[in-house]
Amino acid sequence: MAYVVAITGGIGSGKTTVANLFAEHGIDLVDADVIAREVVEPGSPGLGEIQERFGDGILLPSGQLDRAKLREHIFNHPEDKAWLNGLLHPMIREEMLRQCQEATSPYCLLIVPLLVENKLQNMADRVLVVDVSESTQVARTVSRDNVSEAQVKNILSAQATREERLAVADDIIENDHYPEQLHNKVADLHRIYLTLAASGQAK
């Protein structure tokens, strides 16, 4: 199995930008968000169980999961949220492990936005946190997603705090300013991770 570096950060921190820079160095990416969508694709066991519990009304006319309707339902029904997490989290974790095991680059980058919230840091040999101030998170997300500042602050309140993420970090990329410096930061970390992977060192 490849050496695993997990990358995490709050909404609007720039995780995807940083991950794509590692990909430019030939590093395999394993993205928890992509996997979370795949395990509820039409025809999947995950979607079948969701449909059985919530009925056909949870589907769009296309047969895809109506994510907005499901999100609204579980927000108002904590017991159903617990059931859904119990169903999907093991599926997502198993697929993340499978993809990490099949990675062919010297190390792989495991992209997990909710790494701290779901206590998944033990899946990685090393944790990289993309860190920004809350004001930057709000400004970027409002601009990117065309949502209100209040909505972004609600999302932030449901995520781990900046301090909680930094507490599990082995490495930190500060991404408030100077995006042109990201290339150099990623290149430096890439060299470190290659060395760690070659020697098989964990934290």
task = Select from G46, S13, L84 the residue farthest towards the positive end of the dipole of the chain; place +1 on Cβ of Lys and Arg, -1 on Cβ of Asp and Glu, and compute about the Cα centre.
result = S13
task = May I ask what percent, to the nearest 5, of DSSP beta bridges between residues of the chain are antiparallel?
result = 5 percent
ask   = Hey, what D do you get for region 111-203 in µm²/s if you plug the Kirkwood alpha-carbon radius into Stokes-Einstein at 20 °C and 1.002 mPa s?
value = 144 µm²/s
task = Quick one: dipole size for region 62-203, taken about the Cα centre, charges +1 on Lys/Arg Cβ and -1 on Asp/Glu Cβ, in debye to the nearest 20.
result = 180 debye
Length released on extending from H183 to H89, taking residue separation times 0.36 nm less the Cα-Cα span = 30.6 nm
remark   = In this structure, the FRET efficiency calculated for A158 and T16 from their beta-carbon separation, with R0 = 22 Å, to the nearest 0.05, is 0.65
key: Solvent exposure, largest accessible area first (probe 1.4 Å, DNA, RNA and ligands not counted), of K153, K119   = K119, K153
query = Could you give the angle, 0 to 90 degrees to the nearest 10, between helix 67-76's Cα long axis and the longest principal axis of the Cα atoms of the chain?
reply = 80 degrees
query = Relative contact order for region 10-76 using alpha-carbon pairs under 8 Å, separation at least 6, rounded to a whole percent?
reply = 18 percent
inquiry  = Checking the table K15/K81; K69/K119; K15/K153 against a 24 Å threshold on Cα-Cα, which pairs fail?
reply    = K15/K81; K69/K119
ask   = How do 29-35, 86-92 rank on mean C-beta neighbours within 10 Å, highest first?
value = 29-35, 86-92
task = May I ask for the equivalent-ellipsoid semi-axes of the chain, computed as the square root of five times each C-alpha gyration tensor eigenvalue and listed largest first in whole Å?
result = 30, 22, 14
inquiry  = From the convex hull of the Cα coordinates of region 21-129, what is the mean projected area in square nanometres?
reply    = 8.1 nm²
ask   = Residues of the chain: accessible area per residue at 1.4 Å, in Å²?
value = 54 Å²
request  = Run the dipole for region 128-184 about the Cα centre, Lys and Arg Cβ at +1, Asp and Glu Cβ at -1, nothing else charged, and hand back the magnitude in debye, nearest 20.
outcome  = 280 debye
message = What whole-number distance in Å separates the alpha-carbon centres of region 157-203 and region 1-50?
response = 17 Å
task = Go ahead and set up a Gaussian network model of the chain, Cα springs under 10 Å, then flag whichever of G46, G57, G14 fluctuates most.
result = G57
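The values are calculated or read from the model by the stated rules, or taken from the named source; none is laboratory data. Predicted, not measured: the structure shown is a model, and the values here were computed from it. Counting neighbours? That spans all protein chains shown, and the Cβs are built from the backbone with ideal geometry, glycine included. The protein model used for the area step is the full one, side chains on, heavy atoms only, and it has no ligands, DNA or RNA in it. Shrake-Rupley method; radii C 1.70, N 1.55, O 1.52, S 1.80 Å.
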